[in-house]
Amino acid sequence: MHAVFEPHDNQAELARLASLFQAQRAAFAAAPFPSAAQRRAQLSRLKQTLLKHQDSLCAAISADFGHRSRHESQLLELFPSLAGIQHASSKLARWMKPRRRGVSIWFMPASNTVVPQPLGVVGIIVPWNYPLFLAIGPLTAALAAGNRAIIKVSEFTPRFGEALRLALAESFDESEVAVVNGGVPVAQAFSGYAWDHLLFTGSTSVGKQVMRAAAENLTPVTLELGGKSPTIVHGDFPIATAAERILHGKCLNAGQTCVAPDYVFIPEGQQAAFIEAARATVARWYPNLAANPDYSAVVNGRHLSRLQAYLQDAQEKGAQIVPLADADPASGKLAPTLVLGVNETMSVMQDEIFGPILPVLSYRDLDEAIDYVNAHPRPLALYYFDYDNARIGRMLAATTSGGVGINETVMHVGQDDLPFGGVGPSGMGHYHGHEGFETFSKMKPVFAQSRLNGLWMMRPPYGPRVERLLKFMLR
Ligand code: NAD
């Protein structure tokens, strides 16, 4: 059930990639500035393709995972993809407009504008956890900005990769949008191409390799990476509500979500209430979890073993493991599990968990939790549960993260009008919405001199005229 299925021949995919890249380069040179209407037409085709092929795409993801809830594929992959397309279609004419900028008194009456221009041919590297949304989100931004794109799908989702290739090939010429599959050698070669922009979504360690490869061509990169996203619950916030919202973020896709709450800080004395609420929530959502279609599997045996090793390591070092349901590992599923009494020597507190395991820490003073967060690498997301605006403001000012959810987990990613991206080790650059458009555009500054102007006063021969002028300029 969990065997890595690799129907793609790396050599053949590498050859396809080489010819696709040339074809897209040539097509871009022939048509470098698609109109708003052309871009909207492409986005409309993309939307129709996704709607038409949604069943085969969701089924392929489920087959690759061993089991992925169809509802989660629709809620967390298809819906945000379609919403992003809709948002870009309705806004792109405005985004494309040259924007007037100010001119200082010394250069008047010239004019300044910023003109968005398509970059050209972009590469998109996709991880396995949300293979549809993490391909279509960047593609939407790339097309809205007038580019051509080649998508490299993860070797862990080969069935999905083939389904996506077939679906897109039905409505796009491969000189506009293309998909390549294959293993790590294809991904490595892909990151070495001279893209006009490369957007990589994946782990921090592979992100470093991608940036190194891109540096050879000075290819600009957007890196959408991972990390341990902290969650902090204030003592005044209803603990059962917090538990439900945190468990939701942790159980979606069985915790295999880049912005899943990685660990949670609970006020001292409220742990028992949190555990009880978490247990009741899981029992209500997933009766008979092993066979429950709403609960997704861990993507493959390697990742399942990795997660089981975290639990074993934590237990051996003195932590208490609290499974919130029963799951038969043979089903490929791991039950949502709390880990109490953790410390920094445990691998579960060192690596990004990326699975349904939630370490529960306690704090006495809010500053303890803030200090802990700040002593660790800057995370992709931070969640804070509190209704007090002054304390929320303090939390926002005291911590740095890619994004923030107040009194909710994960949902900030689905906001079309918010940028999405990490900071430091959790990533660089942004996409989604307007920021996605700008990421895939050259925001070209244009200075236009006017027919009559005073610049002659600054030209040689420099003498008393320039001296007098400089007296004013250097004040
Ligand atoms: P990964 O880094 O192992 O792989 C990501 C992609 O990189 C895959 O397509 C893979 O084929 C490719 N790849 C592998 N080795 C490569 C190399 N040497 N050079 C170039 N490409 C290579 O990540 P994963 O296991 O697929 O995904 C999980 C990670 O992704 C987690 O860390 C998670 O937090 C992160 N993630 C981040 C976001 C985000 O938006 N920030 C979203 C989803 C997942």
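The values are calculated or read from the model by the stated rules, or taken from the named source; none is laboratory data. Being a predicted model, the structure only gives us computed values, none of them experimental. Note that each Cβ is placed from the backbone with ideal geometry, even for glycine, and that neighbours are counted across all protein chains shown. Please note that ligands, DNA and RNA were not included when accessible areas were found on the heavy atoms of the full protein model with its side chains. Shrake-Rupley method; radii C 1.70, N 1.55, O 1.52, S 1.80 Å.
Report yes if some residue within segment 239-260 is away from the ligand (no atom under 13 Å from the Cβ), within 26 Å of residue 118 (Cβ to Cβ) and open to solvent by 10 Å² or more (accessible area, probe 1.4 Å); otherwise report no.
Within segment 239-260 (the criterion being away from the ligand (no atom under 13 Å from the Cβ), within 26 Å of residue 118 (Cβ to Cβ) and open to solvent by 10 Å² or more (accessible area, probe 1.4 Å)), the answer is no, since none of the residues qualifies.
Could you list all residues from segment 426-438 that are more than 11 Å from the ligand (Cβ to nearest atom) and touching a strand residue (DSSP E or B) at 6+ places or on another chain (Cβ under 9 Å)?
If the condition is that a residue be more than 11 Å from the ligand (Cβ to nearest atom) and touching a strand residue (DSSP E or B) at 6+ places or on another chain (Cβ under 9 Å), then 433, 435, 436, 437, 438 are the ones that fit.
Just to be sure, is residue 143 more than 15 Å from the chain's Cα centre (by Cα), open to solvent by less than 20 Å² (accessible area, probe 1.4 Å) and either within 15 Å of residue 81 (Cα to Cα) or of a type in the set (D, E, K, R) (or both)?
Working: more than 15 Å from the chain's Cα centre (by Cα): yes; open to solvent by less than 20 Å² (accessible area, probe 1.4 Å): yes; either within 15 Å of residue 81 (Cα to Cα) or of a type in the set (D, E, K, R) (or both): yes.
Yes.
Could you say which residue among 85, 61, 105 is β-branched (Val, Ile, Thr) and at pLDDT below 95? Steps first, please.
On the way: 85 fails: at pLDDT below 95; 61 fails: at pLDDT below 95.
Among 85, 61, 105, only 105 is β-branched (Val, Ile, Thr) and at pLDDT below 95.
Cβ-Cβ below 9 Å, separation at least six or inter-chain, first residue in segment 195-214 and of a type in the set (D, E, K, R), second outside any loop (DSSP other than H, G, I, E, B) and near the ligand (Cβ under 6 Å from one of its atoms): which pairs?
Pairs found: 212/191.
Which of the following residues is open to solvent by 40 Å² or more (accessible area, probe 1.4 Å) and either outside the structural domain of residue 91 (by TED's automatic domain parsing) or in contact (Cβ under 8 Å) with a residue 40 or more places away in the chain (or both): 420, 447, 437?
Working: 420 fails: open to solvent by 40 Å² or more (accessible area, probe 1.4 Å); 437 fails: open to solvent by 40 Å² or more (accessible area, probe 1.4 Å).
Of 420, 447, 437, the one residue that is open to solvent by 40 Å² or more (accessible area, probe 1.4 Å) and either outside the structural domain of residue 91 (by TED's automatic domain parsing) or in contact (Cβ under 8 Å) with a residue 40 or more places away in the chain (or both) is 447.
Of these, 89, 62, 81, 56, which one is within 24 Å of the chain's Cα centre (by Cα) and touching a residue at least 60 places away in the same chain (Cβ under 8 Å)?
Details: 89 fails: touching a residue at least 60 places away in the same chain (Cβ under 8 Å); 62 fails: touching a residue at least 60 places away in the same chain (Cβ under 8 Å); 81 fails: touching a residue at least 60 places away in the same chain (Cβ under 8 Å).
The conditions single out 56.
Identify, from the list 199, 218, 164, the residue that is away from the ligand (no atom under 11 Å from the Cβ), of a type in the set (A, V, I, L, M) and buried (at least 24 other Cβ atoms within 10 Å of the Cβ). If you could, list the steps in order and put the result at the bottom.
On the way: 199 fails: away from the ligand (no atom under 11 Å from the Cβ); 218 fails: buried (at least 24 other Cβ atoms within 10 Å of the Cβ).
Just a single option satisfies the conditions, and that option is 164.
In the set 344, 352, which member is at pLDDT 95 or above and crowded, with 17+ Cβ neighbours inside 10 Å?
On the way: 344 fails: crowded, with 17+ Cβ neighbours inside 10 Å.
352 is the lone residue from the list that is at pLDDT 95 or above and crowded, with 17+ Cβ neighbours inside 10 Å.
Search segment 395-425 for residues being small (Gly, Ala, Ser) and touching a strand residue (DSSP E or B) at 6+ places or on another chain (Cβ under 8 Å), and hand back the single one that is nearest to the ligand (Cβ to nearest atom). Break it down stepwise before answering.
Step one: filter segment 395-425 for residues small (Gly, Ala, Ser), giving 397-398, 401-403, 405, 414, 421-422, 424.
This time we only want the ones that are touching a strand residue (DSSP E or B) at 6+ places or on another chain (Cβ under 8 Å), so: 401-403, 405, 421-422.
On the way: 401: 12, 402: 7, 403: 10, 405: 14, 421: 7, 422: 6 Å.
Among them, the one singled out is 422.
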